[in-house]
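So the structure is just underneath, and the comments pick up after that.
Nothing in this text is a laboratory measurement; each read-out follows from the coordinates by a stated rule. Treat the numbers as computed from the prediction; the structure is a model and nothing was measured. Reconstructed Cβ throughout: ideal geometry from the backbone, glycine too, with neighbour counts over all protein chains shown.
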Amino acid sequence: MAAIVENAGPQAVLEVLKAFGDEVESACNLMHEEAISPRSSPGNSWSKPSEHLETALTVIFTANNSISNSSTKFALLFKASPNVEQASSICKELSSSCEKLSTAVRILLPCGSSQPLYQNLTKNCRAVLRCLLALVRASTMEFAKGAGGTEAEAV
C-alpha cells in the first residue's frame with residue numbers, strides 16, 4: 001500500500017480501498033480454512049483457562065473493539081472524500097486490528113481452547129470481518145461514484 005500513497009487523486013484512494021478489501025477477504029478466508037481443520041487436540045478451557053488462552057481471548061476482544069471503533073471512523077471518513085494519506089492511514093489501522101484478530105483466533109486451539117469455544121469465536125470473528133469487508137466494498141462503490149468512476153471500476 002505504501003507505493004499507492006505516492007500517487008494522488010481519487011484513483012489512488014480506490015486502489016488503497018481495493019488493496020485493503022483484499023487483505024480483509026484473505027483474513028476471513030484464512031479463518032474459515034482454519035475453522036474447518038483444527039490442528040490440535042481438544043482443549044480444557046472449561047476448567048481453568050491457561051494464561052496463553054486468556055491472552056488470546058483478550059487480544060480477540062481488544063481487536064474486535066478496535067475494529068468497531070475504526071470502522072466508524074472509516075465510514076465517516078469516506079463520506080467526506082478522503083485524500084490518499086487519510087485513506088491509507090485508516091486502512092493500515094484496520095488492517096493491524098484484523099491481523100491481530102485472525103492471529104489470535106488461529107492460536108486458540110494450541111492455547112487450550114475447547115472446540116465449542118473455538119467454533120463460536122471463529123464464527124463471530126468471521127462475521128466481524130465479513131461486515132468490515134461489506135463496509136469496504138460499499139465505501140469503494142460510493143467513492144468511485146463520487147470520483148466520477150463507475151461501479152464496475154470499483155469492484
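Per-structure values
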{"read-out": "When each of Lys18/Lys145; Lys79/Lys123; Lys18/Lys92; Lys18/Lys79 is checked by Cα-Cα distance, pairs over 23 Å", "value": "Lys79/Lys123"}
{"read-out": "Residue order, fewest to most beta carbons within 10 Å, for Arg137, Arg126", "value": "Arg137, Arg126"}
{"read-out": "Over segment 51-155 - Rg/Rh using Cα atoms and the Kirkwood inverse-distance radius", "value": "1.09"}
{"read-out": "Segment 51-155, relative contact order in percent, only Cα pairs under 8 angstrom and at least six apart counted", "value": "31"}
